[in-house]
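> The structure is given below, and queries will be raised subsequently.
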Amino acid sequence: MRNPVHKAFFAILLLITFKSFAQEFTKGKLLYSNSLATSEKVNDWILEGPAKIEFKNNWMHMYSPNEEGHHVFWCPKDFPGNFIAEWEAQNQEIDAGLCIVFFCAKGLKGESIFDSSMPKRTTGIFTDYTKGAMNDYHISYYANGRDNPNRETANLRKNKGFNLVQTGEIGIPVQSTAIHKLKLVKNENKIILYIDERKVIDWTDDGVKYGKILEEGKIGFRQMQWTHFAYRNFKVWENSTNKATNK
């Protein structure tokens with residue numbers, strides 16, 4: 001059993017962690033808020049790949065019937081290059097799965113990923129998003145694929161190119177069925193992902209090695225075919241950290 005001194009030390013450490021996050025990043029204007037509780041809430045979202053979207057107890061469930069194929073569900077809104085996004089996620093099938101968030105997604109010429117000039121994406125094939133006609137960042141934050149079981153660590157990649165720029169800490173534990181809160185921060189060239197206030201990705205894009213820093217674009221949730229996760233309370237704020245600093 002930990003003695004009172006140890007308990008006090010860990011309490012202070014936890015308080016410092018929370019304060020450092022609050023001081024480091026400042027939420028500005030709320031740009032988007034969606035409970036993901038009903039089908040009406042996502043009737044303007046765009047699904048690519050053979051997935052089923054269902055709603056139970058104010059949660060949005062996403063999975064591929066009979067594990068037919070991978071899939072991506074895109075929020076239709078374009079978000080700025082500096083943002084703070086939050087959502088909750090819960091694993092429904094712990095035997096296998098892999099979850100990814102795409103962000104700053106735009107066409108190679110800066111066009112919308114849904115522009116009529118873009119190649120059609122209907123099957124959820126990964127290379128459409130990593131080596132195709134778009135640029136984006138993506139983070140795999142739950143990693144327990146049948147092709148690579150129990151990986152656990154979160155990976156950040158920059159696309160086009162499928163460039164692995166950081167292998168981070170353990171993401172959502174592979175056997176967890178708990179509700180997890182995710183917080184994705186994009187601040188200029190800085191990318192940070194927290195899971196339950198635990199930092200799992202922290203990377204600075206130099207804008208040189210893998211091309212220019214990616215700015216505004218769309219956010220989407222991707223799952224591999226074995227995955228069944230539930231999501232709720234997706235919110236995105238303007239990241240006004242730099243504005244607050246420059247006052």
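The values are calculated or read from the model by the stated rules, or taken from the named source; none is laboratory data. Please read all numbers here as calculations on a predicted model, not as lab measurements. Virtual Cβ from ideal backbone geometry, glycine too; neighbours counted across all protein chains shown. These area figures cover heavy atoms from the full protein model, side chains too; ligands, DNA and RNA do not enter into them. Shrake-Rupley method; radii C 1.70, N 1.55, O 1.52, S 1.80 Å.
> Between region 61-121 and region 150-201, what's the alpha-carbon centroid distance in Å?
15
> On full extension of the chain, what length is gained from residue 233 through residue 66, given 0.36 nm per residue of separation minus the C-alpha to C-alpha distance?
Result: 57.4 nm gained on full extension.
> Just to verify a number: FRET efficiency for residue 196 and residue 131, C-beta to C-beta distance, R0 = 41 Å, to 0.05?
After rounding, the FRET efficiency stands at 0.80.
> Next question. Rounded to the nearest percent, how much of the accessible area of region 80-171 (1.4 Å probe, protein heavy atoms only) is carbon and sulfur?
48
> So what J values fall out for region 30-38 if you push phi through Karplus, 6.51 cos²θ - 1.76 cosθ + 1.60 with θ = phi - 60°, rounded to Hz, Gly and Pro as x?
6, 8, 7, 9, 9, 5, 6, 8, 9
> Hey, another quick one. First check a/c for region 92-247, with a ≥ b ≥ c the square roots of the eigenvalues of its C-alpha gyration tensor; if it is under 1.5, answer rounded, and if not, answer prolate when a/b is larger than b/c or oblate otherwise.
Oblate, since a/c reaches 1.5 and b/c is not below a/b.
> How high is the relative contact order of region 170-247, given as a whole-number percent (alpha carbon pairs under 8 Å, six or more residues apart)?
Across region 170-247, relative contact order equals 19 percent.
> So, one more: Please compute the modelled spin-label separation between residue 38 and residue 177, points set 7 Å along Cα→Cβ, answer in nm with one decimal.
According to this spin-label approximation, the distance is 2.9 nm.
> To continue, here is another question. Efficiency by 1/(1 + (r/R0)^6): what FRET value for residue 150 and residue 209, r their Cβ-Cβ distance, R0 = 45 Å, to the nearest 0.05?
It comes to 0.90.
> Taking only DSSP H segments of four or more residues, each worth -39500 (n - 2.57), what value at 222 nm results for the chain once the sum is divided by all its residues, to the nearest 500 deg cm²/dmol?
-3500 deg cm²/dmol, from helical runs alone.
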